[in-house]
Amino acid sequence: MSFDVSDIKKDFPLLACEENNDSLIYLDSAATSQKPQKVIDVVSSYYEEINANVHRGAYRLAEKATTAMEDAREKISDFIKSERSEEIIFTKNATESMNLVAKSWGAANLSEGDVVLLSSLEHHANIVPWHQLAESQGIEVRWIPLTESGLLDLTDLDRLLEGVKLVAVSGASNVLGTVPPVRTLADAAHAVGALCLVDASQYVPHRPTDVEELGCDFLAFTGHKMCGPTGIGVLWGRSELLEQMPPFLGGGEMILDVTQEGFTANTIPWKFEAGTPPISEIVGLGAAVDYLESVGMENVLEHERTLTTYALHTLADRFGDELIIHGPHDVSVRGGVLSMAYQDIHPHDVSQVLDEHGVCVRAGHHCAKPLMKLLGVGSTVRASLYLYNDESDVDALADALEATGKFFSR
Amino acid sequence: MSGLEDLYREIILDHYRNPRNQGELEVPPAVMAEGFNPLCGDEVKVHIQVDDGVIVDIKFDGQGCSISQSSASMMTTAITGKTLEEVEGIIYSFKQLMSIHEKSLEGGSETVDSSTTGLGDLQALQGVVKFPVRIKCATLGWNTLEQCFEELDEN
């Protein structure tokens, strides 16, 4: 193991506090991650020492706040290997980031009959904005099917790409853990003159990210799943695209000039950041990036692979056919998200009993109802791993599952 | 685990494992409504056949957790053969049961509304109140039944 998880756990006050130390088993990081003390401190010291509105006042405090925010933009840009920090647009979450692409680029560039190609893994946030464009502009939404094991079935990719203007895919599935071959899809999209958008909400928090290597044109992710605050998301886009796109929201900060007759939009990134931004959250996300870099994203990835392997083996050994783990079992093509069906006990009932044992998992459709339909289930129990989880958490999950089986067979 | 035992009473698990009145009725003469819990994906379909203001037949079908499915099953047994007026009363009582503050279950100062005491087996669902997230599960079938009534009014 590349780092000592017991040291990492100490960085997260909610996990380390005496009350929760042994009794809280947090396995829901795909929903939101816990926050390290350093991030919490940076957010509160922002309010204690720096707070002022950005890009406005000429006074030193306002300049300090602006610098703090723009420094965070630089850090986040470096974190995903973006060449220019102007390509980092702050939004409120990944959902808004994808809506921005649909409502700005999509509305300006797509018309009746154009196709947006999605994978069958997508979260509603990368489905509904395209359904909305189908309603408003008559575009077609098309789907890349899945193989039996939950990988993308690319056998008919050439045919699927006919008429496609955008390929919009998950970088890592929030249900199956599947990590699709984004580079292959991005190259295939470009070969037919289409663009590629990646929903990287479950990707950026868990592995080194390099937008040039991924080869995509837009990358959407959210702060709160990567040790940062809620209320802050990011859209990265190629500057030449962002520059041509119409503004998304109108208001202060996104303009160079406003008259009674009209307005002139600001340059990127501010063109897309109308109104006072979530400054403390942006600064907090910068601190989260610092924290993750201090641990090392290669180490995070290696740790999660090791732990996912342990979880897959442990659960298979202890439960055999009574527990189904959906999705691929090869850790080279999946992350640490484990969607399960246990005996014939409904996921809600499983998670209710797990909670009694201090184990926090998510039960439901995980905002991926089309995928649930393909899996032939209404919902799953989902345990998701992060850098602060260790083998004892997986063991606790297995123990609690066993107790759940006993409880319902009484 | 006393809270859990309270939530998953024997009678609830029995209705979950052996749902009563499961299935569908022909529409028309029956009316049908579908209910969803968008948070968790639970679904329930309720069919009712009303003759002369009396529920002569009811069927439910769906997928969901033990609480949503057993509550729907118990609902069907509670309202079969009742007049619409009586059913309105039972719905009211059940919703009262679901809105009782959990303190009153533990002998607190609030008293249980006397209107909920005639619910029979359905009383077993009162443990749900201790788990607020699950109240929506317990009321799914009931809200769907009310949608059936709206269908009736429209016809």
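A few remarks follow.
- A:G376 meets all of the listed conditions (1) within 12 Å of chain B (Cβ to nearest Cβ); (2) under 22 Å from A:L152 (Cα atoms); (3) within 23 Å of the chain's Cα centre (by Cα) but one, namely (3).
- Answer from A:S409, A:S379 - the residue that is touching a Pro at 6+ places or on another chain (Cβ under 6 Å) and farther than 24 Å from A:D22 by Cβ: A:S379
- Filter pass, A:A172 being of a type in the set (A, V, I, L, M, F, W, C), outside any helix (DSSP H, G or I), outside the structural domain of A:P328 (by TED's automatic domain parsing) and crowded, with 21+ Cβ neighbours inside 10 Å: yes
- Hey, B:I48 buried (at least 20 other Cβ atoms within 10 Å of the Cβ) and either outside any strand (DSSP E or B) or at pLDDT 90 or above (or both) or not: yes
- Pick from the range B:54-69, criterion hydrophobic (A, V, I, L, M, F, W, C) and either out of contact with any Lys or Arg (no Cβ under 9 Å at 6 or more places or on another chain) or more than 14 Å from chain A (Cβ to nearest Cβ) (or both), ranking: nearest to B:E10 (Cα to Cα): B:F60
- Within the range A:328-350, being without any contact (Cβ under 8 Å) to a residue 40 or more places away in the chain and either β-branched (V, I, T) or within 14 Å of another protein chain (Cβ to nearest Cβ) (or both) holds for A:V331, A:D344, A:H346, A:P347, A:H348.
- Any hit, the range A:121-134, residues being exposed (fewer than 14 other Cβ atoms within 10 Å of the Cβ) and in a loop (DSSP other than H, G, I, E, B): no
- Any hit, the range A:314-327, residues being closer than 27 Å to A:I127 by Cα, small (G, A, S), within 22 Å of the chain's Cα centre (by Cα) and within 14 Å of chain B (Cβ to nearest Cβ): no
- Among (1) touching a Gly at 6+ places or on another chain (Cβ under 7 Å); (2) more than 9 Å from chain B (Cβ to nearest Cβ); (3) not hydroxyl-bearing (S, T, Y), the one test that A:P370 misses: (1)
- No other residue among A:L185, A:L214 is among the hydrophobic types (A, V, I, L, M, F, W, C) and out of contact with any strand residue (DSSP E or B) (no Cβ under 6 Å at 6 or more places or on another chain) apart from A:L214.
- Pick from the range B:133-155, criterion away from every other protein chain (no Cβ under 14 Å) and of a type in the set (A, V, I, L, M, F, W, C), ranking: surrounded by the most Cβ atoms within 10 Å (Cβ to Cβ): B:L145
- Conditions (1) free of Cβ contacts under 8 Å to residues at least 40 places away in the same chain; (2) not in a strand (DSSP E or B); (3) not aliphatic (A, V, I, L, M); number of the one not met by A:T264: (2)
- B:A124 being at pLDDT 90 or above, under 20 Å from B:N21 (Cβ atoms) and away from every other protein chain (no Cβ under 14 Å): no
- Taking the range A:33-100 and the helices (runs of 4 or more DSSP H) fully enclosed by it, the elements with 1 or more residues that are within 16 Å of A:S280 (Cβ to Cβ) are at A:37-45, A:60-79.
The values are calculated or read from the model by the stated rules, or taken from the named source; none is laboratory data. Quantities reported herein were computed from a predicted structural model and do not represent experimental measurements. Here the Cβ is made from the backbone with ideal geometry for all residues, glycine too, and neighbour counts use every protein chain on show.
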